[in-house]
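So the structure is just underneath, and the comments pick up after that.
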Amino acid sequence: MTMRPFSASLVLTSCLAVALCGSHAAAQTWSAGTSPSTPIVRGAGAWFAPNGHFYVLGGRSADTAGSDLMNPREYDPVAATWTIKASTFNDNQVCNMVAAVLNDGGTDVIFTVGGSAAGAAVSTTAVRRYDPATDTLTVLASDPWAGAPANTIPGGGAVFNNKLYVFGGFTINAAMTDQIWEFDPAAAAGSKWTLKTSILPVQVGYVPCGTIGSLIYGAGGATWTGTTLADSTSSFVYDPVADLITGINPIPRATGETTAVVESGELWVLGGGRTTPNPSNEVDGYSVTSNSWSLPPAFALARRNFSSGVDPATGRIFIVGGYAPTTVSSSMEIFSGNPPINAYCGQGDAALTTACPCGIQGATGHGCENSALTGGSLLSATGNPVPDTLVLTASGELPGVLSIFLQGNASTPAGIVFGIGVRCASGALKRLYVHNASGGVVSAPVGADVSVTARSAALGDPIAAGSLRYYTVYYRDPTGGPGGCNGLTFNTSNGLSIHY
């Protein structure tokens, strides 16, 4: 029997993975991040996937007039450094904005809506456009936010189908609104805003919300008592396609003046609130499948009106600044999210629904069984993705067999039958290294091999910071597995997903 020829540039069609495979590790924690050079409160946070950086736009360093932050702040999570960008807002009404990443004519940019200035009781309706790639800030003069009465700052925002939805708002020192507005960057100039028919269950501002699937969920937010702001437990789900809003199980604690992120398919409402005993460091997680709330890990410093962002590929959450509880803070905390190296696509993985050919299931976590009856090949990694000190090792193979380390830029977690094994790495597959196993074990890079990232770049797939890649080992099994199986003579290990 012969082995199917190996290809150095095998390309398969698959759906891109939107998150790391597998569940979060039990050791997920919040840890201190690098503080920016100045305190920040009431800034708008945004994770920008194209360059893997976290941005804070606007905000202020104090509550006194003239303390507004006129330049975007950029955090590089690889270097753990902050940079004050050169671009400047057109005016100082840069506090309490809503920000979102949208694709505008083929380019991902950050849009901001509204804003007010420190020490002022007026606000702007301006829509600004920030391009991190060119560090340019412009005003979308044709389409200011048309929402609510004068001097209203937007309540909360979430993105679906490349449209930004703005929920509620605070008419400064006067009232809240219950409106829902849709901003479409692809619509014609002068018609990018649409007032939706549905209204929120209560008039509210500073609404924590996020998109899960095709629905937008919100919980908490600030109401107006006639003299001051008060925290709320009001919670809802909004269907932007049907323009339909319904209630969900209320968040267990009242909160407001904060944000929410989507983490592991749940809405996580982060701290916030001003009504005693708030502000809080509590994180409340909403499960859309069970319509119930849980308590994910809390962060260290109780705060409100801070900036936040989440990297959906890794689950890392970034929070910075805010009132803690009344002093403006520069403290930064980062939730670890998924570990950078995750084993998946092994036997027992719930996402792996493709069975091994001929029923030759391997041991838990391994690839499919092979002729040596080792339980299947097990791929693991040592070292770190950044800086790249990775060494990939597959054990449980047959002695002396040819082994090829494959890298994919996409993943098919359900698995694809491949020889007498099942493979989950997919997309544009690259053949990184070829070695013979010794005693059933093979590693790479070793000897004269270049690093994983250098090898990938040489093969036309440079790995940018924040990127995901998927790995498996493809190896010979000359006798075709236990009992000869399907006549093919190659097998695969489990998979690894690695975040750089």
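Quick notes on this one:
- Note: the chain, Cα convex hull, 146 Å³ per residue.
- The chain: calculated mean residue ellipticity at 222 nm from DSSP helix runs of at least 4, using -39500 (n - 2.57): -500 deg cm²/dmol
- Coupling constants for segment 107-116 follow from the phi torsions by the Karplus curve (6.51 cos²θ - 1.76 cosθ + 1.60, θ = phi - 60°), and in residue order they are 10, 6, 9, 10, 9, 10, 10, x, x, 9 Hz; glycine and proline get x.
- Using the Stokes-Einstein relation with a Kirkwood hydrodynamic radius computed over Cα pairs, the translational diffusion coefficient of segment 242-301 at 37 °C and a viscosity of 0.692 mPa s comes to 268 µm²/s.
- 5 angstrom amide H check on Arg304, placed H, neighbours 5+ away: Tyr323
- Dimensions in Å of segment 39-109 - Rg and Dmax from alpha carbons: 12.6, 40
- Zone residues, segment 234-273, relative to Thr197, backbone N less than 19 Å from point 7 Å out along Cα-to-Cβ: 237-247
- Solution diffusion estimate, µm²/s, Stokes-Einstein, segment 320-360, Kirkwood Rh from C-alpha pairs, 20 °C, viscosity 1.002 mPa s: 146 µm²/s
- Sequence-separation-based contact order of the chain, relative, with Cα cut under 8 Å and 6+ spacing, percent: 14 percent
- For Leu69, the residues 5 or more places off, or on other chains, whose built amide H falls under 5 Å of its own are Gly59, Arg60, Ser61.
- Computed over segment 107-256, Kirkwood Rh from alpha-carbon pairs, angstrom: 15.8 Å
- Between the listed residues Pro252, Leu267, Pro279, the Cα displaced farthest toward the positive end of the dipole of segment 207-279, a dipole computed from Cβ unit charges relative to the Cα centre, is found at Pro279.
- Couplings 3J(HN,Hα) of segment 274-284, computed from phi: 10, 6, 3, x, 5, x, 10, 9, 6, 10, 10 Hz, in residue order, whole Hz [Karplus 6.51 cos²θ - 1.76 cosθ + 1.60, θ = phi - 60°; x for Gly and Pro].
- Directionally averaged projected area (convex hull, Cα atoms, segment 293-441), nm²: 12.1 nm²
- Farthest positive-ward along the chain dipole, Cα basis, beta-carbon charges - from Ser234, Val310, Pro482: Pro482
- Sequence-separation-based contact order of segment 341-499, relative, with Cα cut under 8 Å and 6+ spacing, percent: 31 percent
- Working from Cα pairs under 8 Å separated by at least six residues, relative contact order for segment 55-105 is 34 percent.
- Karplus (6.51, -1.76, 1.60) ³J(HN,Hα), θ = phi - 60°, over segment 316-329, in Hz, Gly and Pro reported as x: 5, 10, 10, 10, 8, x, x, 7, 9, x, 10, 7, 6, 10
- Taking amide H as placed 1.01 Å from N in the peptide plane, Ile212 has its amide H under 5 Å from the amide H of Tyr217, each at least 5 places away in sequence or on another chain.
- Under Stokes-Einstein, with the Kirkwood radius over Cα pairs as Rh, the value for segment 382-500 at 20 °C and 1.002 mPa s is 146 µm²/s.
- Rounded, prolate or oblate (a/c below 1.5 giving rounded, otherwise prolate when a/b exceeds b/c) for segment 242-378 by Cα gyration tensor: prolate
- Burial order of peptide ranges 333-346, 366-379 (average beta-carbon count within 10 Å, highest first): 366-379, 333-346
Read-outs: derived from the displayed coordinates by stated rules, not from any lab. Since we're looking at a predicted model, the values are computed, not measured. Because the Cβ atoms are built from the backbone with ideal geometry, glycine has one as well, and the counts that use them run over all protein chains shown.
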